[in-house]
Amino acid sequence: MTTKKEKRIVTEEEKTFAKNFNIMDLPDIPTGLPPHLQLQRTRVLCEEDAPIHTTSIAYSGAYNGVGVDNSVKLENFSDNFKVDVIELSKDGMELTFDMIGIDAAIANAFRRILLAELPTMAFEKVFIANNTSIVQDEVLAQRMGLVPIAADPKLFDYLSENDQPNEKNTIVFKLHAKCAKGEGRKKVLTKELIWLPNGSELVKESGDSNSKPKTYTSFSRSQKDSFPEFAAKDSNISPSYPDILIAKLGPGHEIELEAHAVKGIGKTHAKWSPVATAWYRMLPEVILLREVEDEDAERLVKACPQKVFDIEDMGNGRKRARVARPRECTLCRQCVRKNYGEDRNKDEEEKEWIENVGREKEWVENVALRRVKNHFIFKIESTGSMPPDVLFTEAVKILETKCERVIATLS
Amino acid sequence: MEHGSFTNDSHASFTLAEEDHTLANAVRFMLNQDPRVTLAGYSIPHPSLECVNVRVQTTGDPAREVLKDACQELMLMNRHVRSVFDKAVAEFKVKQARLATEEEKKTKAEEAELKKQRDLLASMDIESD
């Protein structure tokens, strides 16, 4: 029986290393990180059963023994840090970018702030004057709460417990939808919400009939006058999207309500979260450890559901696998499985083979799956209240103010 | 708030109110990057409490100063991140706008070419008649 000798791919780096290598040049004390430690430091290795070396090595003196400084100083951080914008969606509300040269601790802080600590405006109080639809009041109020509002929260103040709702901290919308008898079902969409720059129109009931009628807000003047941003005739505050379904009305049903939006953060309630999601993943790195040819190459291409590999024609009928789209890799690890690209029933054949030969087939590793620890593919999907690039800069600013606050309390 | 000893200020714990993993983990990372630090860690004493305890032990410098430096460093890092990000986004938007105008020009040119050919065809038809 002849065993096929596997051809290993020799990288350029290794070639130059081998050419210039002389044992006499080696220093008495090893300097620089040996390649295997460098790999552990910078990559997560995704093995068949589980990923290993997942943590980042934060301790500055971790490699003092080999004379390597592991501390991140501001100067070398500034030199290495890079941002690549990959994609901005057509409506400008989804942003994908690469953040290179930063630790997960800080990238995660940005993500957490985006989700939970950036202020937005959202409906907090819903005054229901009439609701004969099949959607119960509390369910309707909950649905209203989740409607994103396209208003810059920087313009508004927080409404604290003792505050009266006024033009600086509250946005008022009214909704009056009716489905006439004898008509078909009617959809109530967010475009039917009408902004009331003068505040609430609902009159508070009071025993005293002589006093001036009071509403649920105390606006001193119209928001059209107090905010130059909305002074123009057609610059109105509205929900981010006009076609969000609020309720469905049957014939004879009616909804009449007023909704008050206030400023808040996602930590208090998810309705104030400015993002649908904000997430990152580490850059996948797919490396062929040997030349994968012909039948093996075809199996490898077939094994990958994300189509990471391509077949390269090498002439005279020979084929070779090539890593074409490593970014698409979801690390499903199909390609590092023992019977990659084979159908399930091959297991039976394998069993038979083991029974006949008495040992398992020799397994050769073709692919190394890794993740780059300091390269993050970051995606921000805004709910539409603010563009994602603004959200990210605001998130970084919030982390800055947090630091400032700690410094201030310590001094 | 600082919990330490009067005789040795190189070991101390700090309670940061109204903070969570967001800041504490980032600060712990920054502290670990500092060669003066021998130990840095944080914990949240109870999920319903809005505070974190940060423990800092140093080789001799006052723990308070080292923590302050870590925060300072983190702040400067953030400032750098912000400037780099803003620049990258601005560049991307310029690039996208340029691509869009080029695309527009291309489609316009294609349309003009098509029209020219159609006109030519039409004139040929008349001649053949």
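The values are calculated or read from the model by the stated rules, or taken from the named source; none is laboratory data. All figures in this text were calculated on a predicted structure; none of them were measured in a lab. Cβ coordinates were reconstructed from backbone atoms using ideal geometry, including for glycine residues, and neighbour counts include every protein chain displayed. Surface areas here come from the heavy atoms of the whole protein model, side chains and all, with no ligands, DNA or RNA. Shrake-Rupley method; radii C 1.70, N 1.55, O 1.52, S 1.80 Å.
You will find that of A:Thr277, A:Thr330, the residue that is more than 30 Å from A:Ala150 (Cα to Cα), out of contact with any Gly (no Cβ under 9 Å at 6 or more places or on another chain), of a type in the set (Ser, Thr, Tyr) and in contact (Cβ under 8 Å) with a residue 24 or more places away in the chain is A:Thr330 and no other.
When region A:39-79 is filtered for residues that are assigned to a loop (DSSP other than H, G, I, E, B), open to solvent by 60 Å² or more (accessible area, probe 1.4 Å) and in contact with a Gly (Cβ under 9 Å, 6 or more places away or on another chain), the ones remaining, listed by number, are A:Gly67, A:Asp69.
Total residues in region A:380-402 satisfying the condition of being touching a helix residue (DSSP H, G or I) at 6+ places or on another chain (Cβ under 9 Å) and more than 12 Å from chain B (Cβ to nearest Cβ): the figure is 4.
Filtering region A:106-124 to residues that are open to solvent by less than 10 Å² (accessible area, probe 1.4 Å) and within 9 Å of chain B (Cβ to nearest Cβ) leaves A:Ile106, A:Ala109, A:Phe110, A:Ile113. When region A:325-337 is limited to residues that are surrounded by fewer than 16 Cβ atoms within 10 Å (Cβ to Cβ) and within 14 Å of A:Lys302 (Cα to Cα), the one that is modelled with the lowest pLDDT turns out to be A:Arg337.
Evaluated against (1) open to solvent by less than 70 Å² (accessible area, probe 1.4 Å); (2) more than 23 Å from A:Phe392 (Cβ to Cβ); (3) not in a strand (DSSP E or B), A:Lys271 falls short on exactly one condition, (2). Here region A:133-179 is the region considered, the condition is being open to solvent by 90 Å² or more (accessible area, probe 1.4 Å) and aliphatic (A, V, I, L, M), and the residue that is nearest to the chain's Cα centre (by Cα) is A:Leu146. The requirement of being out of contact with any Pro (no Cβ under 7 Å at 6 or more places or on another chain) and farther than 21 Å from A:Val147 by Cα is fulfilled somewhere in region A:253-268, by at least one residue.
The single condition among (1) within 22 Å of A:Thr120 (Cβ to Cβ); (2) assigned to a strand (DSSP E or B); (3) under 29 Å from the mean Cα position of the chain (by Cα) that A:Glu258 does not meet is (3).
Within region A:115-133, the residues that satisfy the criterion of being in contact with a Lys or Arg (Cβ under 8 Å, 6 or more places away or on another chain) and not in a strand (DSSP E or B) are A:Ala116, A:Glu117, A:Ser133. Report whether or not B:Ala26 is closer than 23 Å to A:Arg111 by Cα and within 7 Å of chain A (Cβ to nearest Cβ). Taking the combined requirement at face value, the residue satisfies it.
No other residue among B:Ala90, B:Ala109, B:Ala100 is under 30 Å from A:Lys90 (Cα atoms), surrounded by 12 or more Cβ atoms within 10 Å (Cβ to Cβ) and free of Cβ contacts under 8 Å to residues at least 40 places away in the same chain apart from B:Ala90. Inspection of region B:57-64 identifies no residue that is over 30 Å from A:Glu404 (Cα atoms) and among the aliphatic types (A, V, I, L, M).
Checked against (1) in a loop (DSSP other than H, G, I, E, B); (2) open to solvent by less than 60 Å² (accessible area, probe 1.4 Å); (3) within 22 Å of A:Ile255 (Cα to Cα), A:Ser218 passes all but condition (3).
Applying the criterion of being open to solvent by 60 Å² or more (accessible area, probe 1.4 Å) and of a type in the set (S, T, N, Q) to the residues of region B:51-82, the residue that is nearest to the other protein chains (Cβ to nearest Cβ) is B:Gln72.
Taking the criterion of being farther than 28 Å from A:Glu75 by Cα, touching a residue at least 40 places away in the same chain (Cβ under 8 Å) and out of contact with any helix residue (DSSP H, G or I) (no Cβ under 6 Å at 6 or more places or on another chain), would at least one residue in region B:53-61 satisfy it? Scanning region B:53-61 turns up at least one residue that is farther than 28 Å from A:Glu75 by Cα, touching a residue at least 40 places away in the same chain (Cβ under 8 Å) and out of contact with any helix residue (DSSP H, G or I) (no Cβ under 6 Å at 6 or more places or on another chain).
For region A:277-296, the set of residues classified as open to solvent by 30 Å² or more (accessible area, probe 1.4 Å) and either outside the structural domain of A:Arg318 (by the TED database) or charged (D, E, K, R) (or both) consists of A:Arg281, A:Glu285, A:Glu291, A:Glu293, A:Asp294, A:Glu295, A:Asp296, listed by residue number. Condition first: more than 10 Å from chain B (Cβ to nearest Cβ), open to solvent by less than 60 Å² (accessible area, probe 1.4 Å) and under 24 Å from A:Ser273 (Cβ atoms). Can you find one or more residues in region A:80-95 that meet it? Yes: one or more hits.
Each residue in region B:17-50 was checked for being part of a strand (DSSP E or B) and open to solvent by 30 Å² or more (accessible area, probe 1.4 Å), and 5 pass.
Any residue at all in region A:17-38 that is touching a residue at least 60 places away in the same chain (Cβ under 8 Å), assigned by the TED database to the domain that holds A:Pro284 and open to solvent by 40 Å² or more (accessible area, probe 1.4 Å)?
No - not one qualifying residue is present in region A:17-38.
For region A:178-201, the criterion of being in the same structural domain as A:Ser220 (by the TED database), closer than 25 Å to A:Ile265 by Cα and assigned to a helix (DSSP H, G or I) is satisfied by at least one residue.
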